[in-house]
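Read the structure below first, then the notes.
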Amino acid sequence: MSLAVLRSRALAGMTAAEVSVEVHLASGLPSFTLVGLPETEVKESRDRVRAAIQNCRFEFPARRITVNLAPADLPKESGRYDLPIALGILLASDQIRATDLDRHEFVGELSLSGELRSIRGALAMALGARQSGRCFLLPAANAAEAARTGGSVLGAHSLLDVCAHLTGHTPLPETLPEPVSGQSGYPDLADVKGQTGAKRALEIAAAGGHSLLMSGPPGTGKSMLAARFPGLLPPMTEDEALACATVQSLAGEFRSEHWGRRPFRAPHHSASAPALVGGGGVPRPGEISLAHEGVLFLDELPEFDRRVLEALREPLETGHICVSRAARRTDFPARFQLVAAMNPCPCGYQGHPGGKCRCTPDQVARYRGRLSGPLLDRIDLAIEVPALADTELQARSGGESSITVRERVIAARTRQMARQGKPNARLESAEIDSHCTPDANGAALLRQAIERLGFSARAYHRILKVARSIADLAGSTPILGAHVAEAIQYRRHLHAQ
């Protein structure tokens, strides 16, 4: 036959649209034409495919070859179409005869020798293949990753392996997902000496899914506390793990050993807005999406560009980010927990018992003014991390381990899921009225705080959600005055920034 049609996938944000790879051989002067809105990487497949076919001892047909990637209005990028194009040429030239071709989808980049190289976005494409009911054939390096979707996945090392499978000579075995390691690998909270108040705030933030801002002099343990925060969070569900791994796969950062592990992203303060929220000519996920279902740690928060920080306001509220370009619009998930750290002043030593600070009030005001009010209003808890006393620094034990604290967090999160089906930090206004109503003492205390400190409506709701998390940790159904008082203290420091 002179025409062959195979199925493949194109990445468009978090989705993988189906692509038909149509290969036609006609008489005339030898040529190789690619149509269907291919980008540079796809156009270069002509030379890769020609060399791969010849090095696999097949004949490259000296005919007029036309390859159409349909639909024509969908941009095609990357080298993942090498494999279906090569197979289409071999099928159209009758060098191989395949069975059950319509039951397969193919992706893979070819080396000049015919070996298959790894691709990015395998999870998203495997999900699309599973929904279509087809078997997904891809490079062996990505097979274990794609098998996480639960669909039928085949991994091949070379073009010859795929040809042998399609002709029925040597069928490829179905790939099974690798077992998940029981070792979490998170650093232990007991490594941090002292800082009882900061550890308490971490526990509350982990229990309710709240954002947290730590302020203190250099060397007090802010970065250590942040690095141990993912180890306090509840284990991921299968849906959460799959969504997190899909984003990592799109960026080419998926590792099988990290399956089910909360991501911890800590971009440098020189990061640009596209690096943080995502972007590019072909939109790709940024740091906030790579931290999906995990932790985004921003150290030296005021040193970030103000426009970069302002870009966090929407995803902190909605849990997703929309990246819009002239011809493309892509939604990426961004349900992360923000943990930020900052110094109290430009030199970092304001309030230090050694009296090292020499910053003027104007310098301190300008430094703190780099953080806008709307951004600070979206942070749930703010704490001071003071310098350690000599006795705390020389103590042998750092206190409770991450496992002990995590058990309390899991118990509190279980109460939340049973009551409302989501963490407290994600409650909407009507749900706050239903589940976060304080008792009489708590309501009176909250009214006084609003009058004296001038809290906004958003701050009022966030105080109630934090108080609900404190009550859940205590195993209390009603929100008591003590729970509200503790939540106000965390908000009071934030209001003073």
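When you go through A440, A412 one by one, which is the residue that is closer than 22 Å to T477 by Cα, outside the structural domain of E486 (by TED's automatic domain parsing) and at pLDDT 90 or above? Spell out the reasoning first.
Numbers: A440 fails: outside the structural domain of E486 (by TED's automatic domain parsing).
Unique residue meeting the criteria: A412.
Considering G294, G278, G260, which residue is of a type in the set (G, A, S), touching a Cys at 6+ places or on another chain (Cβ under 8 Å) and touching a residue at least 24 places away in the same chain (Cβ under 8 Å)?
Every option except G294 fails the conditions.
Between residues in region 232-243 that are in contact (Cβ under 8 Å) with a residue 12 or more places away in the chain and residues that are among the aromatic types (F, W, Y), which pairs lie under 8 Å by C-beta distance while being six or more apart or on different chains?
Pairs found: A241/W259.
Looking only at helices (runs of 4 or more DSSP H) that fall completely inside region 264-350, which ones have 2 or more residues that are not aliphatic (A, V, I, L, M)? Before you say what the answer is, go through the steps one by one.
On the way: elements: 273-277, 287-290, 306-310, 313-318.
Once the helices (runs of 4 or more DSSP H) in region 264-350 are filtered for at least 2 residues that are not aliphatic (A, V, I, L, M), what remains is 287-290, 306-310, 313-318.
Each row is one residue, and each column tells you yes or no for (1) touching an Asp or Glu at 6+ places or on another chain (Cβ under 9 Å); (2) within 23 Å of I470 (Cβ to Cβ); (3) of a type in the set (A, V, I, L, M, F, W, C).
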{"residue": "S158", "(1), (2), (3)": "yes, no, no"}
{"residue": "I204", "(1), (2), (3)": "yes, yes, yes"}
{"residue": "H210", "(1), (2), (3)": "yes, yes, no"}
{"residue": "F229", "(1), (2), (3)": "no, yes, yes"}
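Could you go through region 232-245 and let me know if any residue there is on the phi > 0 side of the Ramachandran plot and assigned to a loop (DSSP other than H, G, I, E, B). Before you say what the answer is, go through the steps one by one.
Start the filter on region 232-245 by keeping residues that are on the phi > 0 side of the Ramachandran plot, which leaves none.
No, region 232-245 contains no residue that is on the phi > 0 side of the Ramachandran plot and assigned to a loop (DSSP other than H, G, I, E, B).
Quick one: in region 297-317, which of the residues that are within 15 Å of the chain's Cα centre (by Cα) and not aliphatic (A, V, I, L, M) is nearest to L212 (Cα to Cα)?
Once the filter is applied, the top-ranked residue is F297.
Output the residue which, of all residues in region 236-267 that are among the hydroxyl-bearing types (S, T, Y) and surrounded by fewer than 22 Cβ atoms within 10 Å (Cβ to Cβ), is farthest from L296 (Cα to Cα).
So the first thing to find is which residues in region 236-267 are among the hydroxyl-bearing types (S, T, Y), and the list is 237, 246, 249, 256.
Add one more test, that the residue is surrounded by fewer than 22 Cβ atoms within 10 Å (Cβ to Cβ), and what stays is 237, 256.
On the way: T237: 19, S256: 21 Å.
Filtering first and then ranking leaves S256.
Among the residues of region 83-131, write down those that are among the charged types (D, E, K, R) and in contact with a Gly (Cβ under 7 Å, 6 or more places away or on another chain).
Of all residues in region 83-131, those among the charged types (D, E, K, R) come to 94, 97, 100, 102-103, 105, 109, 115, 117, 120, 130.
Answer for region 83-131, where residues must be among the charged types (D, E, K, R) and in contact with a Gly (Cβ under 7 Å, 6 or more places away or on another chain): E109, R120, R130.
What strands (runs of 3 or more DSSP E) lie completely within region 18-123 and have 3 or more residues being surrounded by fewer than 19 Cβ atoms within 10 Å (Cβ to Cβ)? Explain how you work it out, then say what you get.
Numbers: elements: 31-35, 64-70, 104-106.
In region 18-123, 31-35, 64-70 are the strands (runs of 3 or more DSSP E) which contain 3 or more residues that are surrounded by fewer than 19 Cβ atoms within 10 Å (Cβ to Cβ).
Can you name the residue in region 384-433 that is closer than 25 Å to D188 by Cα and β-branched (V, I, T) and, of all such residues, is surrounded by the fewest Cβ atoms within 10 Å (Cβ to Cβ)?
Among residues in region 384-433 that are closer than 25 Å to D188 by Cα and β-branched (V, I, T), the one surrounded by the fewest Cβ atoms within 10 Å (Cβ to Cβ) is T391.
Would you check which residues across region 444-472 are touching a Ser or Thr at 6+ places or on another chain (Cβ under 8 Å) and among the small types (G, A, S) and list them?
Across region 444-472, the qualifying residue is only A471.
The values are calculated or read from the model by the stated rules, or taken from the named source; none is laboratory data. Treat the numbers as computed from the prediction; the structure is a model and nothing was measured. Methodologically, a virtual Cβ is constructed for each residue, glycine included, from the backbone with ideal geometry; neighbour enumeration extends over all protein chains shown.
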